[in-house]
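Here the structure comes first, spelled out in structure tokens, and everything after it is commentary.
Just so it is clear, none of the values below were taken in a lab; they were calculated from the coordinates. The model shown is predicted, which means the values in this text are computed figures rather than measured ones. Positions of Cβ are generated from backbone atoms using ideal geometry, with glycine treated the same way; all protein chains shown enter the neighbour counts.
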Amino acid sequence: MPSILLHLTAAALYSGLALVFWRTRWRGPILDQPLHGIATWERSLLLLAIVLHGITLIAEIFPAHTMRFGFSVALSLILWLAIVFYWIESLYARMDGLQMLGLPLAALCVLLPPFFPGQHLLANAGAPVFRAHFLMAMLAYSLFTLAALHAILMAVAEKSLHRGRLTPLLSGLPPLLTMEALLFRMIHIGFALLTLTLASGILFSEALFGKPLAFNHKTIFALLSWLIFAALLTGRHLRGWRGRKALRWTLAGFGALLLAYVGSRFVLEVILGRAT
């Protein structure tokens, strides 16, 4: 199957499942529709979309024995990993609301690389240190993406509770305290991975990138994101931060992290038209 057809098929599966979840879970008052989790056929189709999306990523990231990683591929990989985490986590906990947030974004991001291929080739891509650094960075990105979507879902659920108007999907979510515990579990793991990413980048910059660490906007935004999440976790443990305050800090930290690499590559590749 040609590459573009894989992109289109994966996007169609994500979009179709998002539409199914919208029509069967999100719309209407609670009594209009029965409450149920993810059906086996829905989970199977989502797994197929994940597999097809993963195949497109391999072709985009490793063309002709090199490693290319522009902003569009970064977004596609981050959303792919986030959906993978969602698929696995949904086996153990109800995370139904994330379908309506994550699947449309995944459908969009899987289509970005063919239109914005980028030509940014990564140096030292074969080095074990670089591969470990890259893997930790992408896992941290994806976990914080899932945490940000989770925070948005919590904000929607909290607002709906205050208004006394719940859809079938929101009524089937776990209690807000349970969702909050899941949110901070993702943030703790993501923060540990982000810390390791920054530490490896600082300590092994010469081996990773072939030059000493440069305090450019990418480094500054990454450090800013780390400080925001560090403050959030400190506030959580010492002052019991929760609710809207925790959600705002989560989204702020994710926004800074997104600007660190994806934002900088977008400016270089799309606005300035440069590969490096």
(request) Find out how many positive minus negative residues lie around A252, taking Lys and Arg as positive, Asp and Glu as negative, among other residues whose Cβ is under 14 Å from that of A252. (result) +3
(request) Can you put T250, T219, T40 in order of Cβ neighbours within 10 angstrom, beginning with the fewest? (result) T40, T219, T250
(request) Would you calculate the separation in nanometres between label points at R131 and S160, each defined as 7 Å from the Cα along the Cα-to-beta-carbon direction? (result) 4.4
(request) For an R0 of 25 angstrom, estimate the FRET efficiency from the Cβ-Cβ distance between E42 and L196 and round to the nearest 0.05. (result) 0.10
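Exposure proxy check: T9, T56, T197 ranked by fewest other beta carbons within 10 Å?
Neighbour counts put them in this order, fewest first: T9, T197, T56.
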(message) Along the Cα→Cβ direction, 7 angstrom out, place labels at L19 and I58. What is the inter-label distance in nm?
(response) 2.9
(request) For each of V73, V51, count neighbouring Cβ atoms within 10 Å of the residue's Cβ, then give the residues from fewest to most. (result) V51, V73
